[in-house]
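Quick notes on the structure that follows.
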Amino acid sequence: MPQILARLVTVVVIGVAALECGPAAAADPTGTWLTEDGRARVRTELCGSDHGHLCGYVVWRNPKDDKAQGPLDKANPDPRRQARPLLGHQMILGLKPDSDGRYAGRIYNGDNGKSYDVSIWSEKPSELSVRGCLLTVLCGTQTWTRVTGVEPGQLQAATDAPGGPRSDPEWAAAGTKAKGSDGKAAPPR
């Protein structure tokens, strides 16, 4: 009888421990990430008036891409935005947290000027999962890697500060407006 009681206690202890642990907590999705293809670094940060959304900015582009693609957002369907630099533009557009602990919304691809539905989450501190979808049926997931070093030409200053990336006007910090490289208010994005 004592052996059965010992097994029962063990099962109860394991069950209680499993309930207390629950699913693994999500890792912090903010930071600087190298895209899976190595073509860019994207800095993600909380944004919006309540800091409850996730925004992301291209803070470094592989110089080889600038030679091939050009440094400007020429593919943007809005002619007012086609002269803005790809380096420093906002590509993750104020994603909202969802019930799964992920952030969901839209991402802008400066290579082709299109926006896509996206879901972003982090399960490991060193990785960011980015799942993009076209028409909600054609989906793919990339794994971006956290980076801490700085590459030559990487923007390091705070968002909307000189030497930093530029937020779209609706995501600019209270009291600031996104400015273009000429110091004037940036066109809407």
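The values are calculated or read from the model by the stated rules, or taken from the named source; none is laboratory data. What you are looking at is a predicted structure, and each value in this text was computed from that prediction instead of being measured. Neighbour counts run over all protein chains shown; Cβ positions are idealised from the backbone, glycine included. These area figures cover heavy atoms from the full protein model, side chains too; ligands, DNA and RNA do not enter into them. Shrake-Rupley method; radii C 1.70, N 1.55, O 1.52, S 1.80 Å.
Could you go through region 109-128 and let me know if any residue there is open to solvent by less than 20 Å² (accessible area, probe 1.4 Å), closer than 14 Å to THR35 by Cβ and touching a Cys at 6+ places or on another chain (Cβ under 9 Å). Looking through region 109-128, at least one residue is open to solvent by less than 20 Å² (accessible area, probe 1.4 Å), closer than 14 Å to THR35 by Cβ and touching a Cys at 6+ places or on another chain (Cβ under 9 Å). Looking across region 30-74, the residues that are open to solvent by 30 Å² or more (accessible area, probe 1.4 Å), of a type in the set (A, V, I, L, M) and in a strand (DSSP E or B) come down to LEU34, LEU46, LEU72.
Does ALA83 satisfy the condition of being aliphatic (A, V, I, L, M) and without any contact (Cβ under 8 Å) to a residue 12 or more places away in the chain? Taking the combined requirement at face value, the residue satisfies it. Residues that are in a loop (DSSP other than H, G, I, E, B) and open to solvent by less than 70 Å² (accessible area, probe 1.4 Å) were ranked within region 138-150; the one that is modelled with the highest pLDDT is VAL147. Taken over region 155-189, the criterion of being of a type outside the set (Gly, Ala, Ser) and at pLDDT below 50 is satisfied by THR176, LYS177, LYS179, ASP182, LYS184, PRO187, PRO188, ARG189. Under the condition of being under 12 Å from the mean Cα position of the chain (by Cα) and under 12 Å from ALA40 (Cβ atoms), the residues counted in region 56-91 number 5. Of the set (1) assigned to a strand (DSSP E or B); (2) farther than 22 Å from GLY140 by Cβ; (3) not hydrophobic (A, V, I, L, M, F, W, C), all apply to ARG80 but (1).
Which ones in region 37-60 are charged (D, E, K, R) and modelled with pLDDT of 95 or more? Once the filter is applied, which keeps residues that are charged (D, E, K, R) and modelled with pLDDT of 95 or more, region 37-60 yields ARG41, ARG43, GLU45.
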